[in-house]
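Quick notes on the structure that follows.
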């Protein structure tokens, strides 16, 4: 039997060994919808967790949405193929997914030291980063998923996936300005560098809603299938929308929000980062395990950089010398040289690096290992992991204090914000984001 594999037998020897002695459950889910397939695999996870089992589920066509969705949530899953079609292979004991409480996931740090994060009961917690106490909660729309600050810190944008809108908050008094409608289940809000335009992708609608800084509607742009994290070039000239299920990037003109083209990239593109000069964009392709380099002058793919398994989130060093991508399935970061577009290092971290961030001083890479509720502290100059320590359940997004002394990590499953002292390299507090505010 021939397999098209994304690394189960090569990059994960522990799971290979484990699978030799595990009970394998074979399912045919090909007649189900995509959502039903995911629901059934989650049910199998609950049923078989702790029993050293493997679930091998026939799903039919290349399972882009199923695979990426389950990776995002921390399930240990792989893709294989034989003559019957594609399979999703689930290891119920391979990781600790983000299930149950949907708490602190996305967070941002204000220049005055306040930290904002989503929390339970459709609220945003406002935290004093110095005293590490919850100051207040702001009621927003239903099921807030991701937050973003304007570059001057004056506005906070909260994408509400349950109510199909975005809450806009004036950070001067932490009061809501307005709530603006978006497409269905809006994803990560992207604020253009000039602060004048907000882009919000919608997966179900295959569109991007474009708003002004105070929520005024500017347009709705049609894009490809399963759009994920849109990015805007530093000069605001272009917005690039990666479409995970179309394996493409939609190019949007930042002046009039028209579509000027579509670029074919690798399989399963999800996140993009531009270089500081707006010359190149780097696209992480989760299924083909690589990074596509796009030249913005003509919107053409000019190089492909090999990455680890499940390449997910790219970033660049402040000086533009190095690029990094977190690899969900191979549990590492790939480092490339931006001048030659070549891989130069691989940095092992923890299980399922969901998110990572570079400190403003360029010293540290902080990596959230969602599959084991830990954080890795990586030396950004030497490209080696210096320490790894436990945090709350389901660590996700990361922000830094204005003085770069601390990092804050949203922990969704435990609804906490972990505070990491970078100088002492240890967790100094776990803040309960959903706690009642101080009197």
| said: Could you check the spin-label model distance between residue 49 and residue 26? Points 7 Å from the Cα along Cα→Cβ, value in nm. | reply: 2.7 nm
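Just check the chain against the gyration tensor rule for me: Cα atoms, a ≥ b ≥ c as the square roots of the eigenvalues, rounded for a/c under 1.5, and otherwise prolate or oblate depending on whether a/b exceeds b/c.
Details: a/c = 1.36, a/b = 1.20, b/c = 1.13.
Here the chain falls in the rounded category.
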| field | Share antiparallel - DSSP beta bridges, the stretch 13-90, percent rounded to 5 | value | 65 percent
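For the residues 411, 338, what sequence is obtained by ranking on other C-beta atoms within 10 Å, fewest first?
Ordered by Cβ neighbours within 10 Å, fewest first: 338, 411.
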| note | So for R0 = 60 Å, FRET eff. of residue 389-residue 300 from the Cβ-Cβ r, to 0.05, ends up at 0.90
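At 0.36 nm per residue, and after removing the present C-alpha to C-alpha distance, how many nm does the segment from residue 345 to residue 361 gain when stretched out fully? Working shown, then result.
Working: separation 16, 0.36 × 16 = 5.76 nm, distance 2.10 nm.
The residue 345-residue 361 span can extend by a further 3.7 nm.
If packing is taken as the mean number of other Cβ atoms within 10 Å per residue, what is the order of 383-390, 166-173, 351-358, 194-201, highest first?
Working: 383-390: 14.2, 166-173: 18.1, 351-358: 23.8, 194-201: 21.5.
Peptide ranking by packing, descending: 351-358, 194-201, 166-173, 383-390.
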| Antiparallel DSSP beta bridges within the chain, as percent of all bridges there, nearest 5 | 95 percent
| note | Taking the alpha-carbon centre of each part, the distance from the stretch 213-285 to the stretch 76-98 in Å is 29 Å
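When N counts the residues of the stretch 300-361, how does its alpha-carbon radius of gyration compare numerically with 2.2 N^0.38 Å, as a ratio?
Working: Rg = 11.4 Å, N = 62, 2.2 N^0.38 = 10.6 Å.
My calculation over the Cα atoms of the stretch 300-361 gives 1.08.
How high is the relative contact order of the chain, in percent, with contacts defined as C-alpha pairs under 8 Å that are six or more residues apart? Don't skip to the answer; put the middle values down first.
Numbers: 1311 pairs, mean separation 47.3, N = 439.
Over the chain, the number comes to 11 percent.
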| query | So what's the back-of-envelope 222 nm ellipticity for the chain, counting only DSSP H runs of four-plus at -39500 (n - 2.57) apiece and dividing by all residues, rounded to 500? | reply | -2000 deg cm²/dmol
| said: Using the basic label-point model (7 angstrom from Cα toward the beta carbon), what is the residue 132 to residue 337 distance in nanometres? | reply: 4.2 nm
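Computed from the coordinates by the stated procedures, all read-outs in this text should not be read as laboratory data. Because the structure is predicted, anything quoted here is derived from the model rather than measured. Cβ coordinates were reconstructed from backbone atoms using ideal geometry, including for glycine residues, and neighbour counts include every protein chain displayed.
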